[in-house]
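Quick note: the coordinates plus some simple rules give every number you see, no bench work behind them. Being a predicted model, the structure only gives us computed values, none of them experimental. With ideal geometry, Cβ positions are generated from the backbone for all residues, glycine too; neighbour counts draw on all protein chains shown.
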């Protein structure tokens, strides 16, 4: 005899009890990591590959299975053949002929390889044979001009050289100038101080914010956060830390002050310009991610111990990054990065590069060291 049918409301109740709950949305950390590892792995995009290495270091691989560093060097390194008895010059173009970014900032790639932990003896494949990281550093030194220490675009070269050399070191560049690293990095600190002068005044005056006006530090790529990283990393040497002392401490304080100053301006922009919601949210992810990365690197490289107030700022930056990422995810921008690249290529690039920096910043403060 067939079983009696349940009343419809009982059947619905049974379905409700047996159905699985809807899946939880991915965490902000998962979104950032997936965005970076998915979209930075294309072997024809060397700038993106370098950003994948910013997150995963030597372990990051191109989609074709090669180490990202090998794909970058094999596909995009250029060489000026040496004269008889001379030394070859190695370099990356800023962009490919079709506009794909390779090294829009001088020494981006060499800096990436050094910070990933490759030794100077590391050999990379090229069409003409092997080239070592030491040879790439040698070409960077020949091309380096001291004026880059005072340039907003100098951050990557300074970061590379400061991780290849130590206090007291010097080298002769291609113009025959003797370049002393102590003088270069002292100039870089003075450049950072000058760029941050308006923010320092605002902080000392107790102003809630200082407008982002494309002057000073805001004339630097990524708001000068790469320049801060390059300068602050030099302080891993005790003699430098002692010599710079309160001057560098003040720059850390300014960076922490920027957190509240910029957060207010981003939230105001979201309200005032809803048509630019995606662009503003990308800027928020950029700033909060670079902020966490900068202070995480500073802690790990120098042994810096944040004060309770600075530790609270880091915690606030993590919350702000999480919320900005969730709001950006809700717009669909992360899911539609490839489509966006056809309409707004620079914004699509930012979605990838900034996700990599933000994911790394998150990881630096999510580990056991973040205490």
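Some notes on this structure:
- Placing R0 at 22 angstrom, the Cβ-Cβ distance between residue 44 and residue 79 gives a FRET efficiency of 0.65 after rounding to 0.05.
- Virtual spin-label span in nm between residue 207 and residue 95, 7 Å along Cα→Cβ: 3.4
- Centroid-to-centroid separation of the stretch 287-334 and the stretch 37-51 [C-alpha atoms, Å]: 23
- Once the Cα-Cα distance is subtracted from the 0.36 nm per residue extended length, the residue 305 to residue 273 segment shows a gain of 7.7 nm.
- If the chain linking residue 331 and residue 173 were pulled fully straight, counting 0.36 nm for each residue of separation and taking away their Cα-Cα distance, it would gain 52.0 nm.
- On Cα atoms only, tilt of 46-56 relative to the major axis of the chain in degrees: 70
- Cα centroid separation, the stretch 125-170 to the stretch 53-94 (Å): 14
- Relative contact order computed over the stretch 273-366 (Cα-Cα under 8 Å; 6+ residues apart), in percent: 52
- R0 of 30 Å, Cβ-Cβ distance residue 338-residue 151: FRET efficiency to nearest 0.05: 0.35
- Anisotropy class of the stretch 149-244 from Cα gyration tensor, a/c 1.5 cut: prolate
- Relative contact order for the chain, counting Cα pairs under 8 Å that sit 6 or more residues apart, in percent: 17
- Mean ellipticity per residue at 222 nm, deg cm²/dmol - from DSSP H runs of n ≥ 4 across the chain, formula -39500 (n - 2.57): -18500 deg cm²/dmol
- Which label in [x] 131; [y] 142; [z] 207 gives the computed volume of the Cα convex hull per residue in Å³: [z]
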